[in-house]
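Let me begin by presenting the structure, written as structure tokens, before commenting on it.
The values are calculated or read from the model by the stated rules, or taken from the named source; none is laboratory data. Bear in mind that the values here come from a model prediction, so they are computed numbers and not experimental data. Every residue, glycine among them, receives a Cβ derived from its backbone with ideal geometry; neighbour counts consider all protein chains shown.
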Amino acid sequence: MIAYLDKYKIISNKQFGFRQGKSTDDAILDLMTKVSSNINSKDPTLCVFVDLKKAFDTKIEFC
């Protein structure tokens, strides 16, 4: 499935999770490069980090 998504450019090249040859190091480097570029060009920069570690621990049952 990933091969199909890559082949037809359906998935963004900014998607680092669950991709062969991509890692958290790549994501951090990409972020640092963008922030550094924005600082150098005096562009405003906003980073939002969300921790979803426990977001799906609860089972929701509908009547």
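The figures follow:
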quantity: Region 41-63, residues that are closer than 19 Å to Leu31 by Cβ and among the aromatic types (Phe, Trp, Tyr); calculated: Phe49
quantity: Matching residues in region 15-42 - criterion: being surrounded by 10 or more Cβ atoms within 10 Å (Cβ to Cβ) and assigned to a loop (DSSP other than H, G, I, E, B); calculated: Gln15, Phe16, Arg19, Lys22, Ser23
quantity: Cβ-Cβ under 9 Å pairs, at least 6 apart or on other chains, region 34-51 side basic (Lys, Arg), far side outside any helix (DSSP H, G or I); calculated: Lys34/Thr45
quantity: Matching residues in region 7-22 - criterion: being free of Cβ contacts under 8 Å to residues at least 12 places away in the same chain and more than 10 Å from the chain's Cα centre (by Cα); calculated: Lys7, Tyr8, Lys9, Ile10, Ile11, Gly21, Lys22
quantity: Total residues in region 4-14, condition of a type outside the set (Val, Ile, Thr) and either touching an Asp or Glu at 6+ places or on another chain (Cβ under 9 Å) or assigned to a loop (DSSP other than H, G, I, E, B) (or both); calculated: 5
quantity: Members of region 31-63 that are of a type in the set (Asp, Glu) and modelled with pLDDT of 95 or more; calculated: Asp43
quantity: Matching entry among Thr45, Thr58 (being assigned to a loop (DSSP other than H, G, I, E, B), surrounded by 10 or more Cβ atoms within 10 Å (Cβ to Cβ) and more than 16 Å from the chain's Cα centre (by Cα)); calculated: Thr45
